[in-house]
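Q: Can you keep this structure in mind? I'll have questions shortly.
Bear in mind that the values in this text are calculations on the coordinates, not laboratory data. As the structure is a prediction and not an experimental result, all values here were calculated from the model. With ideal geometry, Cβ positions are generated from the backbone for all residues, glycine too; neighbour counts draw on all protein chains shown.
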Amino acid sequence: MTPVALSVNRLCKSYSNGKEALKGISLSVPEGSFFALLGPNGAGKSTLINIMADTVVPTSGSIEFLGHDMFSERLWCKGNIGVVPQEVAFDPFFTPREVLSMVCGLYGQKPDMNWINDLLERLELAEYADKNTRQLSGGMRRRLLVAQALVHRPPLVVLDEPTAGVDVKLRRRLWYYMRELNASGTTILLTTHYLEEAEELCDHVAIIDRGNVITSSGMEKLLHEVAGSYLWLRYRDGWELGAADAEALSEFNPRMHEGQLCLTLNRMHLRQSTFHHAYESAMQRFGPPLDAGVCEEDLEDVFLRLTREEAV
Amino acid sequence: MNLRGTWTLFKRETHRFLKVNMQTVAAPALTAILYLIVFRYAMGDRQVPGMEVDYFTFLIPGLAMMTMLQNAFANTSSSIVIGKVMNVHIYLLMAPLSAIEMVIAFLAAAVLRAVIVATVFLLVLTPFVDLSIHHFGLVLVYGICGSIIMGGMGLIGGMWSENFDSMSMVNNFIILPLTFLSGVFYSIKQLPPLWQQASHFNPFFYLIDGFRHGFLGVGDSDPFLSIGIVAGFALATVLTCWHLWRIGWRLKE
């Protein structure tokens with residue numbers, strides 16, 4: 001069994017306004033993995049990350065990080081995690097090179113100029129290394145934020161939506177860089193709203209919603225076991241699924257997605273017979289569709305189905 | 001102990017005010033000099049009642065100390081508030097520095113700024129006035145304790161404030177009145193008895209008076225007795241800052 005880098009145990013957080021952001025989350029992130037933490041807005045992803053960054057104080061529960069208790073050995077843990085927060089912000093007084101050597105110093109390390117230059121080079125910031133951070137574009141600031149989290153060479157890097165609002169070209173570059181980092185042995189915990197990004201990069205995935213873990217497993221396992229196939233049916237424009245119809249078709253977990261009615265096909269039976277049953281049931285209620293087809297679920301479908309089921 | 005981290009934070013805090021030194025060093029020194037010129041001409045050669053000094057000589061150490069106190073406060077408070085408003089304070093919270101290391105770095109930078117501003121103010125004056133120091137030890141102890149207290153107040157005020165508005169409220173409604181009414185511009189012996197009594201409850205009174213005593217050799221209270229009060233107050237401020245930073249008061253959710 002692979003050793004565990006991060007083990008979250010029954011972590012709870014209630015904010016002072018009464019919002020329960022985490023309701024006893026348990027997760028385990030294997031060492032060396034590229035772990036996707038997914039969930040809709042308000043699921044508790046950032047709360048979990050902010051607890052690791054020590055900007056949010058948990059209500060109860062514990063986190064074990066490489067064999068150290070995160071809350072009793074705070075300083076050790078902080079020194080070995082690099083967090084890229086969601087919001088981009090910089091002290092307006094410094095240049096990227098100064099920012100990086102300062103972060104190094106705060107982490108108790110002598111700034112290693114070769115490594116800092118290497119980071120600036122790789123994240124394509126070398127040209128701007130000695131300009132004020134105010135002069136950097138949004139994309140450069142985002143990359144500087146990544147460099148800042150890596151400059152003390154932590155074994156665990158946590159990225160909170162690093163590619164949000166980032167253009168395609170830069171997103172690809174960040175992917176490339178994160179992959180390289182992971183290949184060199186760094187454990188990466190990534191939150192993102194781009195599910196194809198998670199599917200592309202990550203080998204492990206957890207989906208959380210409303211402060212609970214819905215599923216957590218290897219990416220392939222999830223796609224293989226949890227992902228099923230579904231029948232989609234398209235009717236005239238503006239067609240809606242009524243509550244009575246939804247009730248009658250409940251065994252297929254009916255839902256609307258991009259104007260199409262989707263019916264889950266059960267894997268437990270032979271696909272053909274499930275398909276036939278689903279199709280016949282829809283025909284009986286709605287008549288023949290304009291178009292129809294069968295699709296394998298990708299991560300996005302699984303995500304939508306699981307987070308929707310929770311809502312019911 | 002993360003010594004390098006503490007040193008780095010100290011350097012950062014120093015760097016912040018030195019980069020904008022016109023605003024953080026030259027401007028406050030100039031303000032103090034303007035006060036001095038204005039009062040010099042308004043008061044003439046009048047003597048301070050009950051002391052063997054003229055008003056001008058009396059004013060200089062008080063103004064130097066007031067400037068130190070205000071700048072120590074400004075250094076820590078502005079750093080924390082800017083951090084909160086711009087959301088860069090999270091990098092400090094994430095850094096592997098203990099609360100006491102953070103507090104030490106912040107306070108050391110505040111003391112340094114206070115000392116630099118006061119030195120600039122006094123150096124500008126040296127060609128024009130006789131600045132003999134009666135007891136250098138007192139000047140040093142009061143100057144440093146005062147800057148620690150105000151640097152600490154600035155930390156607490158900065159943590160409390162959500163934005164620049166609430167920060168300037170603390171500054172204008174608490175800090176400024178306390179420093180102005182602490183006997184910088186008058187000897188408390190000139191006050192009615194009730195206000196003389198009240199002045200003894202203003203911690204800034206002891207700071208200004210003791211500091212001035214170091215320069216002039218005369219004052220309104222026993223400076224060696226006041227050292228106890230001032231040092232105790234400085235220690236209490238540091239301990240409060242330490243505790244508040246440790247629990248992340250108004251910094252962490």
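Q: May I ask which residue of A:VAL146, A:CYS262, B:ASN21 lies farthest towards the positive end of the charge dipole of the protein assembly as shown, with charges of +1 (Lys, Arg) and -1 (Asp, Glu) on Cβ and the Cα centre as origin?
A: B:ASN21
Q: While we're looking at this one, here's another question. With a/c under 1.5 counting as rounded, go ahead and sort the range A:228-296 into rounded, prolate or oblate using the C-alpha gyration tensor (a ≥ b ≥ c being the square roots of the eigenvalues; past the cut-off, prolate if a/b is larger than b/c, else oblate).
A: Details: a/c = 1.64, a/b = 1.44, b/c = 1.14.
Cα axes put the range A:228-296 in the prolate bin.
Q: Can you list the HN-Hα couplings for the range B:183-198, worked out from phi with the Karplus curve (6.51, -1.76, 1.60; θ = phi - 60°), rounded to whole Hz and with x for Gly and Pro?
A: Going residue by residue, I get x, 6, 9, 8, 8, 5, 5, 7, 8, x, x, 4, 6, 4, 4, 4 Hz, with x marking Gly and Pro.
Q: Label B:MET43 and A:ARG153 with points 7 Å out from Cα along Cα→Cβ: what is the distance between them in nm?
A: Reported label-point gap for B:MET43 and A:ARG153 is 6.2 nm.
Q: Also, quick follow-up: Which one of A:LEU170, A:MET102, A:PRO58 is farthest out on the positive end of the charge dipole of the range A:4-223, using unit charges on Cβ (Lys, Arg +1; Asp, Glu -1) and the Cα centre as origin?
A: Farthest towards the positive pole: A:PRO58.
Q: Can you flag which of B:LYS11/B:LYS84; B:LYS84/B:LYS252; A:LYS19/B:LYS252; A:LYS78/B:LYS84; A:LYS13/B:LYS252 are past 18 Å Cα-Cα?
A: Flagged as over cut-off: B:LYS11/B:LYS84; A:LYS78/B:LYS84.
Q: By how many nm would the segment from A:TRP115 to A:GLN135 lengthen if fully extended, with 0.36 nm per residue of separation less the alpha-carbon distance?
A: 4.9 nm
Q: Relative contact order for chain A: what is it in percent, counting Cα pairs under 8 Å that are at least 6 residues apart?
A: Averaging sequence separation for qualifying contacts and normalising by length gives 20 percent for chain A.
Q: Within the range B:35-106, which trypsin sites (Lys or Arg not before Pro) sit in a loop by DSSP and count at most 15 neighbouring Cβ atoms inside 10 Å?
A: B:ARG46
Q: Give the separation of the Cα centroids, the range A:158-233 to the range A:95-131, in Å.
A: 28 Å
Q: For chain B, what does the relative contact order come out to in percent, with C-alpha contacts under 8 Å and a separation of six or more? Before the final figure, lay out the partial values.
A: Values: 328 pairs, mean separation 68.8, N = 253.
Dividing the mean separation by the residue count of chain B yields 27 percent.
Q: If you don't mind, there's one more thing I want to ask. Report the charge-dipole magnitude of the protein assembly as shown in Debye, nearest 20, computed about the Cα centre from +1 at each Lys and Arg Cβ and -1 at each Asp and Glu Cβ.
A: Details: 45 positive and 54 negative charges, 294 e Å.
The dipole of the protein assembly as shown has a size of about 1420 debye.
Q: If one takes the longest principal axis of the Cα atoms in chain B, at what angle in degrees, from 0 to 90 and to the nearest 10, does the Cα axis of helix B:55-86 lie?
A: Its long axis makes an angle of about 10 degrees.
Q: If you count, for every residue in A:89-101, the Cβ atoms of partner chains within 10 Å of its Cβ, what is the mean?
A: Taking all residues of A:89-101 together, the mean is 3.
Q: Taking 7 Å along the Cα-to-C-beta vector as the label spot, tell me the A:VAL168-B:PHE164 distance in nanometres, rounded to one decimal.
A: 4.1 nm
Q: Quick check for me: using +1 on Lys/Arg Cβ and -1 on Asp/Glu Cβ, what's the dipole size of the range A:4-223 about its Cα centre, in debye to the nearest 20? Walk me through the numbers on the way to the answer.
A: Values: 23 positive and 26 negative charges, 77 e Å.
I would put it at about 380 debye.
Q: Helix-only estimate, please: 222 nm mean residue ellipticity of chain B, summing -39500 (n - 2.57) across DSSP H runs of length 4 or more and dividing by its residues, to the nearest 500.
A: Helix-only estimate at 222 nm: -24000 deg cm²/dmol.
Q: Which value, in debye to the nearest 20, describes the size of the charge dipole of the range A:228-296 about its Cα centre when Lys and Arg Cβ atoms bear +1, Asp and Glu Cβ atoms bear -1, and nothing else is charged?
A: With Lys and Arg at +1 and Asp and Glu at -1, about 160 debye.
Q: Averaged across A:48-59, how many Cβ atoms of other chains sit within 10 Å of each residue's Cβ atom?
A: So the per-residue partner count for this stretch is 3.
Q: Counting Lys and Arg as +1 and Asp and Glu as -1, what is the net charge of the other residues whose Cβ lies under 12 Å from the Cβ of B:SER79?
A: Numbers: positive: B:ARG12, B:ARG16, B:LYS84, B:ARG113; negative: A:ASP91, B:GLU13.
With Lys, Arg at +1 and Asp, Glu at -1, the net is +2.
Q: Let me check I've understood the local charge: for A:LEU123, count other residues with C-beta under 12 angstrom from its C-beta, Lys and Arg +1, Asp and Glu -1. What total comes out?
A: 0
Q: Additional query: Place +1 on the Cβ of every Lys and Arg and -1 on the Cβ of every Asp and Glu in the protein assembly as shown, take the dipole about the Cα centre, and give the residue among B:VAL85, A:ALA89, B:ILE37 whose Cα lies farthest towards its positive end.
A: After comparing all options, I get B:ILE37.
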